[in-house]
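FYI, it's all coordinate maths here, none of it is from the lab. Quick caveat, the model's predicted, so the values are computed rather than measured. Backbone-built Cβ (ideal geometry, glycine too); neighbour counts: all protein chains shown.
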Amino acid sequence: MVSETLAHGSEHSQPRGILRWLLTTNHKEIGTLYLLLSLLMFFVGGTMALIVRAELFQPGMTFVVPEFFNQMTTMHGLIMVFGAIMPAFVGLANWLIPVQIGAPDMALPRLNNFSFWLLPVAFTILLSTLFMEGGGPNFGWTFYAPLSTTYAPPSTSFFILGMHLAGISSILGAINIIATILNLRTPKMRLMDMPLFVWTWLITAFLLIAVMPVLAGVITMMLLDINFGTSFFNAAGGGDPVLFQHLFWFFGHPEVYIMILPAFGIISAIVPTFARKRLFGYASMVYATASIALLSFVVWAHHMFTVGLPLTAQLFFMYSTMLIAVPTGVKVFNWIATLFRGSISFELPMLFALAFIVQFTIGGLSGVMLAIAPADFQYHDTYFVVAHFHYVLVPGAVFAILAAAYYWLPKWTGVYPNVKLGLAHFWLSVIGVNLTFFPMHFSGLAGMPRRIPDYALQFADFNVLSSIGGFLFGMSQLLFVAVVILCARKKGEKAPAQAWEGAEGLEWQLPSPAPLHTFDTPPEFIPERDSPSRH
Amino acid sequence: MNSQQQQQTNQGVARTVRRTLVALLLMVGFTLALIPLYDVFCEVTGLNGKTADTAQVVGGQAVDTSRRIEVQFVTRTSPGLPWHLEAEKKTVWVHPGEVTLAHFTFSNTGSERNSGRAVPSISPSEGARHFRKMECFCFQKQWLDAGEQSEMPLVFQVDPGLPQSVNKLTLAYTLYPQGQVTGGTYEYK
């Protein structure tokens, strides 16, 4: 068999040092690269957030100049969205999808290598703009025209190039994931037998295929407007800046779900393990994920209630947005129903997963508040919006990624994460994150505008709390780095193949740490509905 | 896996990749189509407040003296054109169906001859399709010498079909330089 000989042949002639990582086509190594890059970007974006919080610690211009503040808020958003959260989920997909469906590797291993190595290039270009004349992007991560065209710094073309590369990487990664899931499942594993992480990633990959071309289109139009005298977004030449917002959010809203659907898959894997029960409502989880993905295409203008939409459009987008609370509610209900009367134990992954459920729900509820069009005129562009999306992204998506790391680190490295460090990391993170973002609800409701380096005196107390919380959360992430380093150096309790007692899935049949090449022959898979334990 | 199964898998992967690429190209096409679609949508519904850019004939409807509509004129310049535009009267009251004349003064405050165009926009946007212009300086570009002033007429009619909920229309004219569409004059230190 040709490809297997090749795979084994390459094991012997494997290059060493940096070339090994540059040329690797192994899904586990590429997964590790993705995860390490996203961890690095998490700290880069986090440092920018702390610069923002340091400036906002007290009213007045205290720490940085406003021009730099604008670059920090913008780059923090771009780096966290495209550099930290998305690559982290792609890294988890690389590591987990093949071992969860019993495949020897991703369907297109070389393309996989290319997808990854585009990213360091993209973010080097993006970060280099900070050192250019006129500074880096300063128009917010949503880069609304004409702020990002007519009034943009000269480095904007580099920003566009970086975004194009990151977008191509996402598209290629999505093609690879779809091809892997649809073709490389072990015999007898039907679609409705797949673990939910695989399901949520399949749907996420389709979202990426659908909306990344829209992002590519919109930044290309910006590039043409800036450099080639077109007027897509320039009213003077017959264009329309509002068109930019429609196109951006047609990409941007599905993008929000790209950053949360895989998290749903992770939580759906961890909660049953530590509740020692089957996941409640597997099929409804799949349908709920698909409904959220479909609805994400018809809600984009809820980001634009204040641009002057006609009343009928505001009502349509208000109701369609609220409709999303239904499938999301189904998911939260199913997790709680899984916990109900389970034999729950509170290992580290479970702590993060439970915190996710509570905190993500808080973010979801403030989302319902923002969906109310008339109320949104008050909340729009205030810290209430900042509180909302950080609650779904940090105590939501980031906690899910951390939960996944604690859950699968024994499989990746062969040792359990250090419990003392992990517990300290968990509790400091929970306290820090809520101290940072909960007061923002109040400053936002009181009218504090976002993206401004100064604020009125009455917001001072809330901002002191947020800044203290921000530094606490940021510093406590260093504990996570310590946990990862200890695991990577194999310092800690050795993990057996079945690292968690109640865990189900093909990956737990593999030894811990998982060898470089696994499932060269497809494993025996017994679908749950035929499983002897069910009768 | 034997080689036959391997071949089948490879064919399946190739098929999936082909289909995904087709979906990707369709989405690229959809994005490009959105731009003209957006313009058509706005033209049909008048949602972005843009009025017709050619002269319209006087509608034959009777003047509806039971309603009075306040028409406000707002003018503004954009960067890159040292012009000034002023309405003779900031506000006029009209009956729907009535043909009204308004005067505007263009002045070039710069030191050289150049061309510009006033682009109109109506708010609320529900009124955009009911504001008919018989004659307007906004249909073509203007040339002004340095320091020159020029008075231009606007002849308009508010269509009696204007929704009952609208009793005030704001007509905003923005002056744009012609021939230089990217207007970016923002300087970085």
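Computed values, structure above
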read-out: Average other protein chain Cβ within 10 Å of Cβ, residues B:34-41; value: 3
read-out: Translational D in µm²/s for region A:281-333 (Stokes-Einstein at 37 °C, 0.692 mPa s, Kirkwood Rh from C-alpha pairs); value: 278
read-out: Given A:K277/A:K420; A:K277/A:K494; A:K411/A:K491, the pairs whose alpha carbons are separated by over 21 Å; value: A:K277/A:K420; A:K277/A:K494
read-out: Tail fraction, Cα-Cα pairs, region A:10-104, threshold 16 Å, whole percent; value: 65
read-out: At R0 = 56 Å, FRET efficiency that the Cβ-Cβ distance of A:R110 and B:R68 yields, to 0.05; value: 0.15
read-out: Region B:1-101: C-alpha pair distances exceeding 22 Å, %; value: 67
read-out: Mean separation of Cα contacts under 8 Å, 6 or more apart, over the residue count of region B:1-141: relative contact order %; value: 29
read-out: For A:D520, A:D193, order by how many other beta-carbon atoms lie within 10 Å, fewest first; value: A:D520, A:D193
read-out: Among A:A49, A:T74, B:F41 the positive-end extreme of the charge dipole of the protein assembly as shown (Cβ point charges); value: A:A49
read-out: Cα-derived Rg to Rh of the protein assembly as shown, Kirkwood definition; value: 1.03
read-out: Pair A:F442, A:R20: separation of 7 Å Cα→Cβ label points (nm); value: 5.3
read-out: Estimated D of region A:333-410 in µm² per second, where Rh is the Kirkwood radius over Cα pairs and Stokes-Einstein applies at 20 °C, 1.002 mPa s; value: 155
read-out: Sequence-distant lysines (8 or more away, or on other chains) whose Cα lies within less than 21 Å of B:K50; value: B:K90, B:K133, B:K141, B:K168
read-out: Segment B:W93-B:A172, extension gain: residue separation times 0.36 nm, minus the distance between their alpha carbons; value: 26.8 nm
read-out: Sequence-distant residues sharing a close amide H with B:N114 (under 5 Å, placed H); value: B:L144
read-out: Calculated from backbone phi, Karplus (6.51, -1.76, 1.60) coupling profile of region B:164-169 in Hz, x at Gly/Pro; value: 4, 6, 9, 10, 8, 10
read-out: Residues B:H103 and B:Q11, FRET efficiency given R0 of 51 Å [Cβ-Cβ distance, rounded to 0.05]; value: 0.10
read-out: Distance from region A:222-288 to region A:131-147 (C-alpha centre basis), Å; value: 21
read-out: Sorted by Cβ neighbour density within 10 Å, fewest at the top, the residues A:R185, B:R67; value: B:R67, A:R185
read-out: Ascending count of other beta-carbon atoms within 10 Å, so fewest first, for B:S165, A:S38, A:S128; value: B:S165, A:S128, A:S38
read-out: Note, ³J(HN,Hα) from phi for region A:352-364, Karplus 6.51, -1.76, 1.60, rounded to Hz, x at Gly and Pro; value: 5, 5, 5, 4, 4, 4, 5, 6, 4, 5, 4, x, x
read-out: Fraction of beta bridges assigned by DSSP in the protein assembly as shown that are antiparallel (%, nearest 5); value: 80
read-out: Area projected by the alpha carbon convex hull of region B:56-177, averaged over all directions, nm²; value: 7.0
read-out: Residue-wise HN-Hα coupling along region A:159-174, computed from phi with Karplus coefficients 6.51, -1.76, 1.60 (Hz; x: Gly, Pro); value: 4, 5, 4, x, 5, 4, 5, 4, x, 4, 4, 5, 5, 5, x, 5
